[in-house]
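Below is one structure, written out as structure tokens, with a few remarks after it.
Derivation of every value follows stated rules applied to the coordinates shown; laboratory data play no part. All values derive from a computational prediction rather than experimental measurement. With ideal geometry, Cβ positions are generated from the backbone for all residues, glycine too; neighbour counts draw on all protein chains shown.
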Amino acid sequence: MPARILVACGNGIATSTVVASKIRSFMEDKGLPVDTTQTKLMEVPGKVEGFDLLVTTGEFDGKTHGVPYVKGMPILTGIGADNTFNEIYKIIKEKEG
């Protein structure tokens, strides 16, 4: 079963769509298919439970219910994106066992 990643941005539309697409492509290239769901930052606390990872493009200091959390802005800007992708890969790979 693919890992589930919740991707959140301000409105749950524009930047989260770009980031989710890039994460899926990166992970598929690594042989780890993932399912991504986009949402608004303000909806994260009510939606994040049951996901394997949370990636946000904005400031977030709410509850993640124990779900690992990665700041995804580098994926959008390209600055530090490799480190962010590798962090995501590591978390998902560890979940897979």
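Structural remarks
- Exposed loop sites, defined as GluC sites (Glu not before Pro) outside DSSP H, G, I, E and B with at most 14 other Cβ atoms within 10 Å, are absent from the longest region of the chain, namely 1-48.
- For TYR69, residues with placed amide H under 5 Å, excluding near neighbours: LEU54
- C-alpha center-to-center spacing [the stretch 1-36, the stretch 64-97] in angstrom: 10 Å
- Normalising the average separation of contacting C-alpha pairs (under 8 angstrom, six or more residues apart) by the number of residues puts the relative contact order of the stretch 1-70 at 40 percent.
- Legend: P(r) of the chain from all alpha carbon pair distances, 10 Å bins from 0, whole percents, reading 17, 56, 26, 1.
- Ordering of 3-12, 74-83 by burial proxy (mean other Cβ atoms within 10 Å per residue, highest first): 3-12, 74-83
- Helix content alone sets the calculated 222 nm mean residue ellipticity of the chain: runs of n ≥ 4 DSSP H residues at -39500 (n - 2.57) each, divided across all residues, give -12500 deg cm²/dmol.
- A simple rule links phi to the HN-Hα coupling: the Karplus curve 6.51 cos²θ - 1.76 cosθ + 1.60 with θ = phi - 60°, which for the stretch 6-17 gives 9, 10, 10, 9, x, 10, x, 10, 5, 5, 5, 5 Hz, with x for Gly and Pro.
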